[in-house]
Amino acid sequence: DPKIIQKPKYLVAVTGSEKILICEQYLGHNAMYWYRQSAKKPLEFMFSYSYQKLMDNQTASSRFQPQSSKKNHLDLQITALKPDDSATYFCASSQNWGYYAEQFFGPGTRLTVL
Amino acid sequence: QQQVRQSPQSLTVWEGETAILNCSYEDSTFDYFPWYWQFPRESPALLIAIRPVSNKKEDGRFTIFFNKREKKLSLHITDSQPGDSATYFCAASNYNQGKLIFGQGTKLSIKP
């Protein structure tokens with residue numbers, strides 16, 4: 001059974017629209033992350049959470065808003081979508097935040113903005 | 001600012017040879033360096049990691065060599081196999097950080 005679930009697997013959106021990317025982990029981890037991968041910037045860190053608390057935000061734009069409704073959920077809301085937002089978005093989790101904890105990556109959501 | 005750099009961008013070696021992937025970093029507070037590999041259409045997965053308490057970390061055919069003074073490390077893959085063909089990412093972090101800073105990756109191809 002997959003331990004980190006990301007939905008949807010593929011997503012096509014039009015410029016200016018809003019989408020929510022879903023992430024759930026069933027590893028019992030306390031920390032969750034979002035990373036983005038595109039041809040221009042492979043594996044770029046976006047956000048980190050620990051026990052549902054935002055720990056680090058490297059995303060300059062407020063169009064990207066993480067949402068943690070439960071300890072094992074970390075969704076990503078993206079508003080006013082732009083073609084430049086096209087990328088694969090990976091959710092990851094680790095036992096703890098910091099402390100050299102291994103991060104496990106989910107299967108990703110591939111977003112295409114037209 | 002590119003804090004973690006990798007070279008070469010792509011590398012092709014013959015099966016059975018040793019592949020050497022290089023990584024350098026700028027921030028001297030980094031004290032944790034995991035290497036992730038990623039196969040086409042898959043997510044990154046941890047391959048091997050080193051903390052600078054040691055200059056070398058070995059796991060089977062994969063070895064990390066670390067030079068703290070020069071802020072450089074390298075991943076050596078001995079007896080390369082076609083199944084090792086993937087993109088390898090060097091990353092950096094420290095004890096007080098949750099985020100991983102990734103390099104641009106090295107695409108490794110092993111010719112049978």
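The values are calculated or read from the model by the stated rules, or taken from the named source; none is laboratory data. Since this is a predicted model, take the numbers as computed values, not measurements. Counting neighbours? That spans all protein chains shown, and the Cβs are built from the backbone with ideal geometry, glycine included.
Could you grab me the full set of residues in the stretch A:85-100 that are buried (at least 17 other Cβ atoms within 10 Å of the Cβ), of a type in the set (F, W, Y) and at the interface with chain B (Cβ under 7 Å from one of its Cβ atoms)? A:F90, A:W97, listed by residue number. Taking (1) out of contact with any Ser or Thr (no Cβ under 8 Å at 6 or more places or on another chain); (2) at pLDDT below 95 in turn, B:K99 satisfies each apart from (1).
Please indicate, with yes or no, whether at least one residue in the stretch A:72-87 is farther than 26 Å from B:G105 by Cβ, of a type in the set (G, A, S) and under 14 Å from the mean Cα position of the chain (by Cα). No, that holds for no residue.
Looking only at residues of the stretch A:31-52 that are within 15 Å of the chain's Cα centre (by Cα) and farther than 19 Å from A:D84 by Cβ, we find that the one that is nearest to the other protein chains (Cβ to nearest Cβ) is A:S48. Counted as qualifying within the stretch B:3-45 are the strands (runs of 3 or more DSSP E) with 1 or more residues that are over 23 Å from A:Y99 (Cα atoms), within 14 Å of another protein chain (Cβ to nearest Cβ) and within 16 Å of the chain's Cα centre (by Cα), namely B:4-7, B:10-14, B:33-38.
Please verify whether the stretch B:67-76 includes one or more residues that are aliphatic (A, V, I, L, M) and within 28 Å of A:K53 (Cβ to Cβ). No, because not a single residue in the stretch B:67-76 is aliphatic (A, V, I, L, M) and within 28 Å of A:K53 (Cβ to Cβ).
Among the conditions (1) crowded, with 16+ Cβ neighbours inside 10 Å; (2) in contact with a strand residue (DSSP E or B) (Cβ under 7 Å, 6 or more places away or on another chain), A:Q77 misses just one, which is (1).
Has the stretch B:64-79 got any residue that is modelled with pLDDT under 95 and touching a Pro at 6+ places or on another chain (Cβ under 8 Å)? Checked the stretch B:64-79: at least one residue is modelled with pLDDT under 95 and touching a Pro at 6+ places or on another chain (Cβ under 8 Å). Checked against (1) of a type in the set (S, T, N, Q); (2) within 14 Å of chain B (Cβ to nearest Cβ); (3) surrounded by fewer than 18 Cβ atoms within 10 Å (Cβ to Cβ), A:Q103 passes all but a single condition, namely (3).
Taking residues in the stretch A:13-35 that are over 19 Å from A:R110 (Cα atoms), and partners anywhere that are loosely packed, with under 13 Cβ neighbours inside 10 Å, the pairs with Cβ atoms closer than 6 Å and at least 6 places apart or on different chains are A:N30/A:Y51.
When the stretch B:32-77 is filtered for residues that are out of contact with any strand residue (DSSP E or B) (no Cβ under 7 Å at 6 or more places or on another chain) and among the basic types (K, R), the ones remaining, listed by number, are B:R41, B:K68, B:R69. Scanning the stretch B:38-57 for residues that are surrounded by 21 or more Cβ atoms within 10 Å (Cβ to Cβ) and among the hydrophobic types (A, V, I, L, M, F, W, C) gives a single hit, B:I50.
Which of the residues belonging to the stretch B:71-112 are of a type in the set (S, T, N, Q), touching a residue at least 40 places away in the same chain (Cβ under 8 Å) and within 14 Å of chain A (Cβ to nearest Cβ)? Hits for the stretch B:71-112 are B:T87, B:S93, B:N94, B:Q104, B:T106.
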